[in-house]
Amino acid sequence: MSNRIKVLIVDDSAVVRQVLSGVLSSDPQINVIGTAADPILAQEKMAIEWPDVIVLDVEMPRMDGITFLKKIMHERPTRVLICSTLTETGAETTMQALAAGAVGFVTKPKLGLKTFLSDSSAEMIRNVKQAAQATPRNFGRGTPPVPYADKVEKKSTPSSMAESSNKIIAIGTSTGGTQALEVLLTALPKFCPGIVIVQHMPEKFTAMFAERLNGLCAIEVREAKNGDRVNIGRALIAPGGMHMRLIRSGAFFNVEVCDGPPVNRHKPSVDVLFKSVSGVARDNALGIIMTGMGDDGARGLREMHDVGSATIAQDEASCVVFGMPKEAIKLGGVDQILPLNQIAAEIKKFSQEH
C-alpha cells in the first residue's frame, strides 16, 4: 500500500472529481486519497495526509489554482499536475502554473468532459505516473524578473538588420523544461548565437510559451514558422504538433516546420531537430539536452557529438526529471554534464570560440 502513488484531486466540478477518481483508482499503482472542490478544502485534507501528486484545476472558487500552487511550492514543493481547458485563457494560465512549479498539465475540453475523461483514461494514468517520478522544484520564478535594459532597443531593431547566426544552439527538453528554459534564456545576453528549441508541448501552448519568454528575455523568443531565419539573438521554439528541422540556405541557417508522424511518441521531437542539426551545422553547433521524461533527443545528441558538435546534458540534481539527459549520457553523446545555472556561461563561451 505504501508504494502506491497517493493522489489528491482538486476540482470544482463534481463530474471531474467523480470520473477522474474512478479512472485513476482503476490502476493498482494509484491510490486516490481524496478529492476536494476547492483549495481550502484541499488544505484541510492535506493536513491529515500529504499526497504524492495533486491533480489541480485552475479556475475554482475561494482560491484559484495558481495561488494555491504558489502556496504549496513555497511551503512544501509537491508534484502538481494541472488540469486545464484547451482555450487561449487556459493556455495562458497553464504557462503561469508551469512557471510556478507544476510538473505537467493535462488539457480538457469545455464540452463532453465526462466522455473525454473516460476515453483518455490510459493517458491520465500515464500522466499521473510520470508526474510521480518528477522532482518538484521551486525556482523562485513565480514573478517575472526585471526585463533587461536593452529590451526596448531589441524591439526597435528592424528585422532586416538582424545578422544571421553562423553558430547554432540546439536545445531539447520536456517535463520541467518550461521552468528550465526560463532560467536559461533569461540569463543569455542579447547577442548570443541563434537558438532552436524543442519543448514537448501541444499546439496552442507553444505560442503562448514563446510570448511569455519573449517578455522576459534580452533575446527575441518566438514560435517558429516555416522558413524562419536563425539569427543572432533569436530563439525559435518548435510549434506544438509539428516537427522542426534546421536547414541550410546558402550561407544562412533556416528552420523547416513540417508535419509527420510522431517520433519517440512526440511531435515535435528533439531527435528530429538534433539529427537535422548534425547534418548541416556539425562543429558550428552546440547541443543541449535538459530535463525531461523518456529518451527523445538522446540518439540525436549522439549524432551531433559524432560529427563534432559540442554537447551538454543538464545534471540530475537540477533536473525535474533526469530521463532524457540520463539516456544521452548512457549513449556516450555528452561532453559536459552541468547544473542548469552553469549552462548559460557555456553558451557564452561557445559563442566566443573561433
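The values are calculated or read from the model by the stated rules, or taken from the named source; none is laboratory data. Just so you know, these numbers come straight off a predicted model, no measurement behind them. Quick reminder, even Gly has a Cβ in these numbers, built from the backbone with ideal geometry, and neighbours come from all protein chains shown.
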Open item on the list: Please determine whether any residue of segment 30-40 is touching a residue at least 24 places away in the same chain (Cβ under 8 Å), among the charged types (D, E, K, R) and out of contact with any strand residue (DSSP E or B) (no Cβ under 8 Å at 6 or more places or on another chain).
Closed with: no
- [ ] Only residues that are in contact with a Leu (Cβ under 7 Å, 6 or more places away or on another chain), crowded, with 19+ Cβ neighbours inside 10 Å and assigned to a loop (DSSP other than H, G, I, E, B): list them for segment 197-217, please.
- [x] Cys217
Open item on the list: So Phe105 passes all but one of these: (1) among the aromatic types (Phe, Trp, Tyr); (2) surrounded by fewer than 21 Cβ atoms within 10 Å (Cβ to Cβ); (3) at pLDDT below 95. Which condition number does it fail?
Closed with: (2)
Task: Candidate set from segment 169-225 (those that are hydroxyl-bearing (Ser, Thr, Tyr) and in contact with a Ser or Thr (Cβ under 8 Å, 6 or more places away or on another chain)); member that is modelled with the lowest pLDDT - done: Thr175
Open item on the list: For segment 51-71, give me the residue count where each residue is among the acidic types (Asp, Glu), surrounded by fewer than 22 Cβ atoms within 10 Å (Cβ to Cβ) and in contact with an Asp or Glu (Cβ under 8 Å, 6 or more places away or on another chain).
Closed with: 1
Open item on the list: Can you tell me how many residues within segment 220-251 are crowded, with 17+ Cβ neighbours inside 10 Å, assigned to a strand (DSSP E or B) and of a type in the set (A, V, I, L, M)?
Closed with: 6
Open item on the list: Take the residues in segment 5-27 that are under 15 Å from Leu117 (Cα atoms) and out of contact with any helix residue (DSSP H, G or I) (no Cβ under 8 Å at 6 or more places or on another chain); name whichever of them is surrounded by the fewest Cβ atoms within 10 Å (Cβ to Cβ).
Closed with: Ala14
Open item on the list: Within segment 313-321, does at least one residue satisfy the condition of being buried (at least 16 other Cβ atoms within 10 Å of the Cβ) and over 18 Å from Gln179 (Cβ atoms)?
Closed with: no
Task: Every residue from segment 277-300 that is of a type in the set (S, T, N, Q) and either under 15 Å from Leu236 (Cα atoms) or in contact with a helix residue (DSSP H, G or I) (Cβ under 6 Å, 6 or more places away or on another chain) (or both) - done: Ser278, Thr291
Open item on the list: When you check Asp283 against the structure, is it of a type in the set (D, E, K, R) and within 17 Å of Ile347 (Cβ to Cβ), yes or no?
Closed with: yes
Task: Positions within segment 31-86 being more than 19 Å from the chain's Cα centre (by Cα), on the phi < 0 side of the Ramachandran plot and basic (Lys, Arg), in sequence order - done: Lys45, Lys71, Arg76
TODO: Only residues that are assigned to a loop (DSSP other than H, G, I, E, B) and within 12 Å of Val334 (Cβ to Cβ): list them for segment 291-321, please.
DONE: Gly297, Ser309, Asp315
- [ ] Output yes when any residue across segment 271-287 is in contact with a His (Cβ under 9 Å, 6 or more places away or on another chain), at pLDDT 95 or above and part of a loop (DSSP other than H, G, I, E, B), and no when none is.
- [x] no
Open item on the list: Pro61 - would you say it is under 24 Å from Val183 (Cα atoms) and out of contact with any strand residue (DSSP E or B) (no Cβ under 8 Å at 6 or more places or on another chain)?
Closed with: no
Task: Selection from segment 322-337 of residues that are outside any loop (DSSP other than H, G, I, E, B) and either among the acidic types (Asp, Glu) or more than 24 Å from Ala132 (Cα to Cα) (or both) - done: Glu327, Gln336, Ile337
TODO: Could you please let me know if Val280 is touching a strand residue (DSSP E or B) at 6+ places or on another chain (Cβ under 7 Å), within 18 Å of Phe253 (Cα to Cα) and β-branched (Val, Ile, Thr)?
DONE: yes
